[in-house]
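Undergrad: One structure, pasted below without further comment.
We did not get these values from a lab; they are worked out from the coordinates using the rules stated. Just so we're clear, the structure is a prediction, and the values are computed from it rather than from any experiment. All Cβ positions, glycine included, derive from the backbone under ideal geometry; neighbour counts span all protein chains shown.
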Amino acid sequence: MQYNLLLTALLAMTLMAGCSSSDKGTSGQENSSVSNNSGSIMAAVDAVTVSKKVDDQPSLFVLLGKDGSINRIGSGSINNTEKDMFIGVTKEPLFQRFMDSVPEKFIEAQRQTLGAPGEHRGKNCQILLTFQSGKHESGLTFVYGSESQGPPPELSQVVARAIEVTEPWYQSEKKMVSGVKK
């Protein structure tokens, strides 16, 4: 609850400070790929990345593209040992399945960096969400300690959803590679 209020307040302050999700091109006209209408913001997203680093080491990296592009490294765990990146294209609507779970306020964030309140104990953790719409990029970063209060539940759910929608593909790719290595 405390995080939701903090996150909402910081995002609202950013938007009120003139960091709207509108993008003006060199002609001064609004870029059609991004607009102030929040419904079209969601539709304008072409690609999303979800990453988690623990002590500056990748624990999770997911890229999903509207065109079916998919990349993934890791499990997202604090002690992740999976370092191989799998890259592919899928016909499954994984991008849309993921985006349906993303709150628009995360997409509207203008490279906002947030942190857990209080002292960060344990390993340094960082979650980064980025959303690409044409040449416009938005998203947020959240930093915390592995033994401290973690990210807000809403952000944790988004990370878990990225893992969930990519897991069958990821396991299939790992199985395919393990058969080649034998």
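Undergrad: Quick one: which of 90-100, 148-158 comes out on top by average Cβ neighbours within 10 Å, and what's the full order, highest first? Write out the running numbers ahead of the final one.
TA: Values: 90-100: 15.0, 148-158: 17.0.
Packing order, densest peptide first, comes out as 148-158, 90-100.
Undergrad: Let me ask something else about it. How big is segment 125-182 on each of its three principal axes, counting only the C-alpha atoms and giving the largest first in Å?
TA: The Cα atoms of segment 125-182 stretch 41, 38, 17 Å along the principal axes, largest first.
Undergrad: Expressed as a whole number of Å, what is the distance separating the alpha-carbon centroids of segment 74-98 and segment 113-134?
TA: 19 Å
Undergrad: Right, here's the next one. Given the Cα-Cα distance of Lys174 and Asn79 and 0.36 nm per residue of separation, how much length would full extension add, in nm? Numbers along the way, then the final one.
TA: On the way: separation 95, 0.36 × 95 = 34.20 nm, distance 1.85 nm.
Value of the extension gain: 32.3 nm.
Undergrad: Strictly over 28 Å apart at the Cα level, which of Lys66/Lys175; Lys83/Lys105; Lys135/Lys175; Lys83/Lys123; Lys66/Lys174 would you flag in this model? List each step's numbers first, then the result.
TA: Numbers: Lys66/Lys175 25 Å; Lys83/Lys105 31 Å; Lys135/Lys175 36 Å; Lys83/Lys123 18 Å; Lys66/Lys174 23 Å.
Listed pairs above 28 Å: Lys83/Lys105; Lys135/Lys175.
Undergrad: Separate question: Using the scaling law 2.2 N^0.38 Å as the reference, what is the normalised Cα Rg of segment 48-96?
TA: Working: Rg = 11.4 Å, N = 49, 2.2 N^0.38 = 9.7 Å.
Normalised Cα radius of gyration, segment 48-96: 1.18.
Undergrad: Normalise the Cα radius of gyration of segment 61-182 by 2.2 N^0.38 Å (N = residues in it) and let me know the number.
TA: Numbers: Rg = 15.6 Å, N = 122, 2.2 N^0.38 = 13.7 Å.
So segment 61-182 has a normalised radius of gyration of 1.14.
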